[in-house]
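What follows is a single structure, written as structure tokens, with notes after it.
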Amino acid sequence: MADAITLERILALQAAYIRCIDNNTLEAWPDFFLDQCLYMVTSAENHRNGFPAGIIYADTKGMLTDRIAALREANVYEKQSYRHILGLPHILKNGGGEAESETPFLVVRIMHDGQSDIFATGLYLDTYRNAGSELKFSRRIAVCDSSRIDTLMALPL
């Protein structure tokens, strides 16, 4: 395909993204996105029904940057970390410098006392675009399988 984005580049972007969150280097997280982007966390039921609001909703890189600043400086939440496990992305569209995929995920949340629980499972619905020599997300929607989502979600999925 002309101007197709390779699976290797998609996998590299996803691996770096997950590593950023799991290693708590969240200040770098917004850099995985284009300036005009969409990042949302929602439930499968809300997604099926076309409800546009999410538990987390940001439509610019600046909003993502503000979210991390708030996490570090303003919000009070119990110390926790994530461990992501991803399936392989299924490419839905690819060409013209843009690709779309869906990727299954499982996130384990580890609390400060060591308690580990399955926090979320679902699908990432992603759109990728070339930004010069880099690949970036123009859209990442985390569609959680369960409608029981922790409304005090601190870290991005």
Here's a check for you: in segment 131-152, which residue that is in contact (Cβ under 8 Å) with a residue 12 or more places away in the chain and surrounded by fewer than 17 Cβ atoms within 10 Å (Cβ to Cβ) is nearest to Ala70 (Cα to Cα)?
Leu152
Given (1) farther than 18 Å from Arg109 by Cα; (2) in a loop (DSSP other than H, G, I, E, B); (3) at pLDDT 90 or above, index of the condition Asn24 fails:
(1)
Considering segment 77-97, residues that are modelled with pLDDT under 95, part of a strand (DSSP E or B) and at negative phi, and then whichever is surrounded by the most Cβ atoms within 10 Å (Cβ to Cβ), we arrive at Tyr82
Candidate set from segment 40-63 (those that are farther than 18 Å from Lys136 by Cβ, of a type in the set (A, V, I, L, M, F, W, C) and touching a residue at least 60 places away in the same chain (Cβ under 8 Å)); member that is surrounded by the most Cβ atoms within 10 Å (Cβ to Cβ):
Val41
Anything in segment 1-29 that is farther than 19 Å from Leu92 by Cα, touching a strand residue (DSSP E or B) at 6+ places or on another chain (Cβ under 9 Å) and surrounded by 14 or more Cβ atoms within 10 Å (Cβ to Cβ)? List them, or say none.
Tyr17, Ile18, Ile21, Asp22
Take Arg67 and decide whether it is outside any strand (DSSP E or B), of a type in the set (D, E, K, R) and surrounded by 16 or more Cβ atoms within 10 Å (Cβ to Cβ).
yes
Starting from residues that are in a helix (DSSP H, G or I) and out of contact with any helix residue (DSSP H, G or I) (no Cβ under 9 Å at 6 or more places or on another chain), keep the ones in segment 27-51 and report whichever is nearest to Gln80 (Cα to Cα).
Ala44
Over segment 29-66, the set of residues aromatic (Phe, Trp, Tyr) and modelled with pLDDT of 95 or more is Trp29, Phe32, Phe33, Tyr39
Check on Val107, within 14 Å of the chain's Cα centre (by Cα), over 25 Å from Ala74 (Cα atoms) and surrounded by 16 or more Cβ atoms within 10 Å (Cβ to Cβ)
no
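Residues are listed down the side, and each one gets a yes or a no for (1) among the β-branched types (Val, Ile, Thr); (2) out of contact with any helix residue (DSSP H, G or I) (no Cβ under 9 Å at 6 or more places or on another chain); (3) closer than 20 Å to Gly50 by Cα; (4) outside any strand (DSSP E or B):
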| site | (1), (2), (3), (4) |
| --- | --- |
| Thr121 | yes, yes, yes, no |
| Lys136 | no, no, no, no |
| Ser147 | no, no, yes, yes |
| Met153 | no, yes, no, yes |
State all residues of segment 64-98 that are touching a residue at least 12 places away in the same chain (Cβ under 8 Å), under 17 Å from Arg140 (Cα atoms) and more than 13 Å from the chain's Cα centre (by Cα); if no residue qualifies, say none.
Thr65, Arg67, Ile68, Gly87, Leu88, Pro89, His90, Ile91, Asn94, Gly97, Glu98
Search segment 1-21 for residues being in contact (Cβ under 8 Å) with a residue 60 or more places away in the chain and assigned to a loop (DSSP other than H, G, I, E, B), and hand back the single one that is nearest to Ser116 (Cα to Cα).
Ile5
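The values are calculated or read from the model by the stated rules, or taken from the named source; none is laboratory data. Source: prediction; values computed, not measured. Backbone-built Cβ (ideal geometry, glycine too); neighbour counts: all protein chains shown.
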